[in-house]
Amino acid sequence: MPSLRAIIPGLVPGTEGGRRLAAGRGCACDGQPDLRVKPEGDGVLFRLDRPPAGAPRGRMNYRHSFHAGNFADLVKHAGLLSLLRALAPRGPLTVVDTHAGAGLYDLDGDAARSKEAEAGVLKLLQAADLPAPLERLRTAVRALNPDGRSRWYPGSPQLAAVAPGVERYTGFELNPPVADALAEALAGVPGTVATPGDGYELAPTACRAPGLLLIDPPFERPDDYRRATACAAEARRLRPGVVVAIWTPLKDLETFDGFLRALSAAGQVDVLVVEARLRPLTNPMRMNGCTLTLIGAPPAVEPELQAITDWVVGTLGDPGGRARVWRP
């Protein structure tokens, strides 16, 4: 692969006020021990002078890689960048990720077979005009693809670990081979930890305030909604100031409404729902959309979240879709 070297708007190379990105395999740099970044404005910096590591080895969760770069990733990852930007003024942030995945995905692999990226990130890359939060994500993807192709897609670990204001990132991954790939992707990035294990159980005690807990399970198990609710509630009990973001698929309203009721019963009242419904909910066997359910999110982030859902639904959705940001 060619050398990767790119800067997202709003950040410039610098030696003061920044966070050193040490040499090592992963998102930030490889073989550049003195690389530093200085955050200015609303960007996220990616500067890679060697090929990204981990993905060519092919050791990643099939489910994650199969769906990489789809419409739901656009909502989740653009929303993640907006949320971290809104939280940055609170002080050095700790980000904890319950289901981190491999961190970097090869769109020529499983994603090529599913073709979901064609209706997701490829549309993003080709768009003539984008709202600011999606432009940040597009720039991050282009940073990994300086040859103009669209082969590599960053997961939440790579986006969060180097976001302005983030001091520490901890990613949990239960699948051993995927956990190994995550460790490779984050090796050498200061303040990052890749931990094998059950994120539902381990994440609450790893949280710090100010900070963000990202709960992003594959929803393959019948108890994922229950465990996501319990994990969020425990994290907020231990660290009342931590913000929680829970990604869920949207297949039918009955399931999602039950999830919101469970959060309320667990004492979570400061809830904001980011809903991207691509089509009417007439077939509960399909993923008709997705949501980000936020607990404790700053109100200032709401306009950007609305802009994300408006674009995703308006550009990628079917007639009868719905984009809204609302409070239960």
Of everything in region 292-316, what is in contact with a Leu (Cβ under 8 Å, 6 or more places away or on another chain) and in contact (Cβ under 8 Å) with a residue 60 or more places away in the chain? Give them in sequence order. Leu292, Leu294, Ile295, Ala297, Pro298, Val301, Leu305, Ala307, Ile308, Trp311, Val312, Leu316
When every residue in region 127-153 that is of a type in the set (D, E, K, R) and surrounded by fewer than 20 Cβ atoms within 10 Å (Cβ to Cβ) is compared, the one farthest from Val313 (Cα to Cα) is Asp147
So Ala55 fits all but one of (1) under 28 Å from Pro190 (Cβ atoms); (2) at pLDDT 90 or above; what number is the exception? (2)
Please go through (1) at pLDDT 95 or above; (2) more than 27 Å from Pro303 (Cα to Cα) for Pro133 and return the number of the only condition it doesn't satisfy. (2)
What is the one condition in (1) aromatic (Phe, Trp, Tyr); (2) farther than 13 Å from Val95 by Cβ; (3) touching an Asp or Glu at 6+ places or on another chain (Cβ under 9 Å) that Tyr169 does not satisfy? (2)
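The values are calculated or read from the model by the stated rules, or taken from the named source; none is laboratory data. All values reported here derive from a predicted model rather than from experimental measurement. Neighbour counts are summed over all protein chains in view; Cβ atoms, including those assigned to glycine, are modelled from backbone coordinates with ideal geometry.
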